[in-house]
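Reviewing the structure listed below.
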Number of protein chains: 2
Amino acid sequence: MGLAKTEMFTDQQNEIALIAKAFGHPARVAILQHLFKINTCVCGDLVNEIGLAQPTISQHLKELKLLGLIKGNVEGTSVCYCIDTDNWAKMKNLMSDFLNQDLDLKEGCC
Amino acid sequence: MGLAKTEMFTDQQNEIALIAKAFGHPARVAILQHLFKINTCVCGDLVNEIGLAQPTISQHLKELKLLGLIKGNVEGTSVCYCIDTDNWAKMKNLMSDFLNQDLDLKEGCC
DNA sequence: TTTATATATTGCAATATTACGATTAATATT
DNA sequence: AATATTAATCGTAATATTGCAATATATAAA
C-alpha cells in the first residue's frame with residue numbers, strides 16, 4: 001500500500017526513519033554537502049550547483065527545512081539557506097545512537 | 001518522475017542516499033535494532049517481533065541483505081539473520097563523514 | 001507603476017515503495 | 001512418500017516520491 005504503519009513503531013524508530021528518508025535522495029545529500037562546503041548562506045546558486053530544475057530544488061529545500069536541518073532567510077528577492085547547526089547536532093545524536101549499536105555487541109554469532 | 005537522476009551525483013552521494021533509504025522505513029530500523037539487541041542470530045521471531053506480515057518482513061530483510069547490512073544463514077527450515085558487523089562498520093564510516101561535516105564549520109552565518 | 005529577478009506553489013505524469021494474500025520452494029518430521 | 005514448517009517469490013492494490021512546465025508570489029530596480 002506504500003504506507004508505513006508508523007503506529008506500530010516507537011517514536012524513536014519513526015524519527016530515525018524520517019531523518020534517514022531525508023538523506024535518502026542524492027540531491028538532498030548534495031544540497032547539504034554544498035551548504036556545509038561554502039560555509040555561508042547560499043543565495044541562489046543551488047539550482048546551478050545541482051543539475052535539477054528550480055521547482056525541484058525548491059521542493060527538496062522545503063523538505064530539509066521542514067525537518068529543521070536547514071534555515072532560510074529572505075534577503076531581498078532571494079532566499080539564503082544554511083545549515084541549522086543546533087538541529088544538525090541534535091539529529092546527529094539520534095543517528096549516532098542508532099549507528100553505534102555495534103559497539104555494544106560483544107560477540108558475533110555467524 | 002519518481003526516478004532519481006543518479007548520474008548527476010557523485011558515487012559517494014549516491015551511496016549515502018542508498019544506505020539512508022534503507023534506514024528510511026521504521027520496520028527496517030526496528031529489524032536492525034532487534035538484531036543488535038538479541039545479539040545472536042534470529043530465526044523466525046522477526047515476524048512476531050515486528051507486527052507485519054511474513055512476506056513484508058521477508059522483503060525488508062531482502063533489502064537489508066542486498067545492501068550487505070545483514071547476513072542470513074539457512075538453518076534447517078528456518079533462516080537465521082544477524083548483523084554483518086564488518087559491513088556495518090564500513091557503512092558507519094561513510095555515514096559518519098557525512099554526519100560530522102558540521103565539525104569543520106568554523107562560524108555560522110545566520 | 002512597470003519591469004526584472006528569484007523563489008514558491010500547483011498540477012500532473014512517471015516511477016518507486018509498501019503491504020499482503022496466494023503460492024512456491026526447501027527442508028524436517030512422521 | 002506424505003505432511004508440516006518456514007521463508008521466499010509473485011501478483012497486485014494503494015500510496016509516496018520525483019521531476020518539471022506553468023503559474024503565482026514577492027521584492028528590487030527602473
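The values are calculated or read from the model by the stated rules, or taken from the named source; none is laboratory data. No experiment lies behind these values; they were computed from the predicted model shown. Cβ atoms come from the backbone with ideal geometry, glycine included; neighbour counts cover every protein chain shown. Quick note on the areas: whole protein, heavy atoms, side chains included, nothing else; ligands and nucleic acids left out. Shrake-Rupley method; radii C 1.70, N 1.55, O 1.52, S 1.80 Å.
A compact table of results
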{"read-out": "Set A:SER78, A:SER58: member being in contact with a strand residue (DSSP E or B) (Cβ under 8 Å, 6 or more places away or on another chain) and among the polar types (S, T, N, Q)", "value": "A:SER78"}
{"read-out": "Output for segment B:74-86, where each listed residue is facing another protein chain (nearest Cβ under 10 Å) and surrounded by fewer than 18 Cβ atoms within 10 Å (Cβ to Cβ)", "value": "B:GLU75, B:CYS80, B:THR85, B:ASP86"}
{"read-out": "Selected residue [open to solvent by 30 Å² or more (accessible area, probe 1.4 Å) and within 15 Å of DNA strand D (Cβ to nearest atom)] from A:LYS65, A:LYS37, A:LYS90, A:LYS71", "value": "A:LYS65"}
{"read-out": "Filtered residues of segment B:1-20 (kept if modelled with pLDDT under 95 and either of a type in the set (S, T, N, Q) or open to solvent by less than 10 Å² (accessible area, probe 1.4 Å) (or both))", "value": "B:THR6"}
{"read-out": "Unique match (being assigned to a helix (DSSP H, G or I), within 12 Å of DNA strand C (Cβ to nearest atom) and aliphatic (A, V, I, L, M)) among B:LEU35, B:LEU3, B:LEU18", "value": "B:LEU18"}
{"read-out": "Neighbours by Cβ (under 8 Å, 6+ apart or cross-chain): first from segment A:41-54, within 11 Å of chain B (Cβ to nearest Cβ); second more than 6 Å from DNA strand C (Cβ to nearest atom) and part of a loop (DSSP other than H, G, I, E, B)", "value": "A:CYS41/B:CYS109; A:CYS41/B:CYS110; A:GLY51/B:LYS5; A:LEU52/B:LYS5"}
{"read-out": "Single condition A:ASP102 does not satisfy, out of (1) within 11 Å of DNA strand D (Cβ to nearest atom); (2) assigned to a helix (DSSP H, G or I); (3) within 7 Å of chain B (Cβ to nearest Cβ)", "value": "(1)"}
{"read-out": "Qualifying residue in segment B:43-52 (condition: open to solvent by 70 Å² or more (accessible area, probe 1.4 Å), within 8 Å of DNA strand D (Cβ to nearest atom) and not acidic (Asp, Glu))", "value": "no"}
{"read-out": "Hey, A:PHE23 surrounded by 16 or more Cβ atoms within 10 Å (Cβ to Cβ) and more than 26 Å from B:GLU7 (Cβ to Cβ) or not", "value": "no"}
{"read-out": "Candidates A:ALA17, A:ALA22 - the one that is in contact with a Phe, Trp or Tyr (Cβ under 8 Å, 6 or more places away or on another chain) and within 11 Å of DNA strand D (Cβ to nearest atom)", "value": "A:ALA17"}
